[in-house]
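Q: Encoded as structure tokens, here's the structure I'll be asking about.
The values are calculated or read from the model by the stated rules, or taken from the named source; none is laboratory data. Computed from a prediction, not measured in an experiment: that's the story for all the values here. Here Cβ is always computed from backbone atoms with ideal geometry, including for glycine, and neighbour counts include all displayed protein chains. Calculation scope for accessible area: heavy atoms of the full protein, side chains included, ligands and nucleic acids excluded. Shrake-Rupley method; radii C 1.70, N 1.55, O 1.52, S 1.80 Å.
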Amino acid sequence: MLDDIIIEVTLELERAQHKFPKFNSQHEGYAILLEEMDELKEAIFWSKKGGNPRAEAIQVTAMALRFLLDCPERTVNESP
């Protein structure tokens, strides 16, 4: 089962990388992760109305990986 999830996340990450440019900053990456989390929350709360929490969780995971790939760590002295 874990292998299937990893494949789904990888496919979603690759789809997003082809469709959208790299995150310009950690702030942008954070905003996108927040948006995906909001969509997951909606899918959970409204799942009886056609939401798909599993699909949204795959997107959250893919965007978290994209954040790690696109947003290098800042040093403590750098401003946001």
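Q: For segment 30-56, which residues satisfy the criterion of being under 22 Å from ILE7 (Cα atoms), part of a helix (DSSP H, G or I) and not hydrophobic (A, V, I, L, M, F, W, C)? Break it down stepwise before answering.
A: First, pick out the residues of segment 30-56 that are under 22 Å from ILE7 (Cα atoms): 32-33, 36-37, 39-40, 43, 51-56.
Those still in the list that are part of a helix (DSSP H, G or I) too: 32-33, 36-37, 39-40, 43, 53-56.
If the condition is that a residue be under 22 Å from ILE7 (Cα atoms), part of a helix (DSSP H, G or I) and not hydrophobic (A, V, I, L, M, F, W, C), then GLU36, GLU39, PRO53, ARG54, GLU56 are the ones that fit.
Q: Under the condition of being open to solvent by 60 Å² or more (accessible area, probe 1.4 Å) and among the acidic types (Asp, Glu), which residue from segment 21-80 is modelled with the lowest pLDDT?
A: Within segment 21-80, the subset open to solvent by 60 Å² or more (accessible area, probe 1.4 Å) is 21-22, 24, 27-28, 30, 34-35, 37-39, 41-42, 44-46, 48-50, 52, 54, 61, 65, 68-69, 72-80.
With the extra rule that they be among the acidic types (Asp, Glu), the set shrinks to 28, 35, 38-39, 42, 73, 78.
Details: GLU28: 95, GLU35: 96, ASP38: 94, GLU39: 93, GLU42: 90, GLU73: 76, GLU78: 55.
Applying the filter and picking the extreme gives GLU78.
Q: Go through segment 3-20 residue by residue and tally those that are under 15 Å from ALA55 (Cα atoms), surrounded by fewer than 15 Cβ atoms within 10 Å (Cβ to Cβ) and hydrophobic (A, V, I, L, M, F, W, C).
A: 4
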